[in-house]
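Colleague: This is the structure I have questions about; it appears just below.
The values are calculated or read from the model by the stated rules, or taken from the named source; none is laboratory data. Keep in mind the model is a prediction, meaning the values are calculated, not measured. Neighbour counts are summed over all protein chains in view; Cβ atoms, including those assigned to glycine, are modelled from backbone coordinates with ideal geometry. Side chains are part of the model used for accessible areas, which takes the heavy atoms of the whole protein and leaves out ligands, DNA and RNA. Shrake-Rupley method; radii C 1.70, N 1.55, O 1.52, S 1.80 Å.
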Amino acid sequence: MTRVGITFNKNHHLHDSLLNGYPSPENPQRIRNILGYLEDSGLIDGEIFSFYDASPATIRDILRVHTKEYVELIKTCTRDSRQSPGKDVYVCPSSFDVALQALGCILKAGELVTTQECKHAYAIIRPPGHHAGPDSCNGFCLFNNSGILARYLLEVKGLERIAIVNIDAHASDGTYAAFEADPRVLCISMHQDQKSLYPFKGFIKDIGVRPALGYCINMEMPTESGNPEYSLFYDEIAEKVLDKFNPQLVILECGFDAYHKEPLAQLNLTVDGYYRLIFKLASKWNVVTLLEGGYHDDLGLLASVVLRALAGIENIRDEVDQIDLLASRHAKTRKEFNNNLSLLKTRLEPYWGPWGHI
Ligand SMILES: [Zn+2]
């Protein structure tokens, strides 16, 4: 039996822009939606899936990725929530405590896996993290959640090779900034074409810097890309690089905004698409999955799909007619995708090639 541990930060509702008097798509309803769905589904049985409590992380944990000045900036802004630490980032008086608790849940998820209490884990936390770099933040993120876990596992738990895989619709620019020169961490981000979407970073040409050239991989998915394109990128590049790098653990930055119903992006993953990607990762590696973005009503449904894929149990029926979905996508999407895939293969050839044929 594959055991999957689940953590979530119980105080997440105290990080809410409505406390400052205005709404945001990144709000407490996101986790409420997920927990409500999981409860109604009856999926959490205490055997395959179990909830775990966690203590808050410490400033020391944060400083493995962020600068002291940046941590001070976040503290100062939380004291005066009229100040914002970055573009499209809000803070409230309790945001710092909420973030510490979220990070504690993430570190706990990592420990559940490294101690082999669970094969995989899922930290359902907010605020998200992958747009937060060592000394700056953007896009609803305060601290780099995946990066803080990776450095904790490397520097405290003695791991040597970790992969961070981003499937959020937006490029994982904060994670890239933290690890562009760290060859202990392989970063693979598949995200919507950066000519068309925030944060307008994470291009195919960006592959890290010495001594980690080739260890940051950015695949730009053209708008309307869906299950077949994600699957092709995974099979033709991501899995081959992961096989060669041989990570001891994979951290999955799992945003739900690459979903076909997402209002803030233009991608077409469905329930099947999410399931297949995560199932493939989890069948080869231990995976700690972190909630990133996703701002539509199906977050609960997709969280249950994540759990099913991690545990390797049968997926729920995909309500999207794949034939209709394929027909609705432009031929232009596949052409651009093939072009991007080929450009990326050429760019990465010196580090991870030859690619062979499948
Ligand atoms: Zn996103």
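Colleague: On the given criteria, is Pro93 in a loop (DSSP other than H, G, I, E, B), under 23 Å from Leu301 (Cα atoms), open to solvent by 40 Å² or more (accessible area, probe 1.4 Å) and touching a residue at least 60 places away in the same chain (Cβ under 8 Å)?
Modeller: Numbers: in a loop (DSSP other than H, G, I, E, B): yes; under 23 Å from Leu301 (Cα atoms): no; open to solvent by 40 Å² or more (accessible area, probe 1.4 Å): yes; touching a residue at least 60 places away in the same chain (Cβ under 8 Å): yes.
So Pro93 does not fit the description; no.
Colleague: Could you tell me which residue of region 133-159 is most open to solvent (accessible area, probe 1.4 Å), considering only residues that are within 13 Å of the ligand (Cβ to nearest atom) and of a type in the set (A, V, I, L, M, F, W, C)?
Modeller: Checked region 133-159; the qualifying residue most open to solvent (accessible area, probe 1.4 Å) is Phe140.
Colleague: Do we find a residue being within 16 Å of the ligand (Cβ to nearest atom) and in a helix (DSSP H, G or I) anywhere in region 165-174?
Modeller: Scanning region 165-174 turns up at least one residue that is within 16 Å of the ligand (Cβ to nearest atom) and in a helix (DSSP H, G or I).
Colleague: Sort out which residues of region 245-285 are among the polar types (S, T, N, Q) and open to solvent by less than 50 Å² (accessible area, probe 1.4 Å), and write them in order of number. Steps first, please.
Modeller: Step one: list which residues in region 245-285 are among the polar types (S, T, N, Q), which gives 246, 248, 266, 268, 270, 283.
Within region 245-285, Asn268, Thr270 meet the criteria.
Colleague: Sort out which residues of region 48-64 are touching a residue at least 12 places away in the same chain (Cβ under 8 Å), open to solvent by 40 Å² or more (accessible area, probe 1.4 Å) and under 13 Å from Phe143 (Cβ atoms), and write them in order of number.
Modeller: Pro56, Thr58, Ile59, Arg64
Colleague: To continue, here is another question. So how many residues does region 160-204 have that are modelled with pLDDT under 95 and open to solvent by 20 Å² or more (accessible area, probe 1.4 Å)?
Modeller: Number satisfying all stated conditions: 5.
Colleague: I would also like to ask the following. Among Leu103, Leu38, Leu18, which is the only one that is more than 30 Å from Ala177 (Cα to Cα) and open to solvent by less than 20 Å² (accessible area, probe 1.4 Å)?
Modeller: Working: Leu103 fails: more than 30 Å from Ala177 (Cα to Cα); Leu18 fails: open to solvent by less than 20 Å² (accessible area, probe 1.4 Å).
When all the criteria are applied, what remains is Leu38.
Colleague: Can you tell me which residue is farthest from Ile313 (Cα to Cα) among those in region 2-42 that are modelled with pLDDT of 95 or more and among the hydrophobic types (A, V, I, L, M, F, W, C)?
Modeller: Leu14
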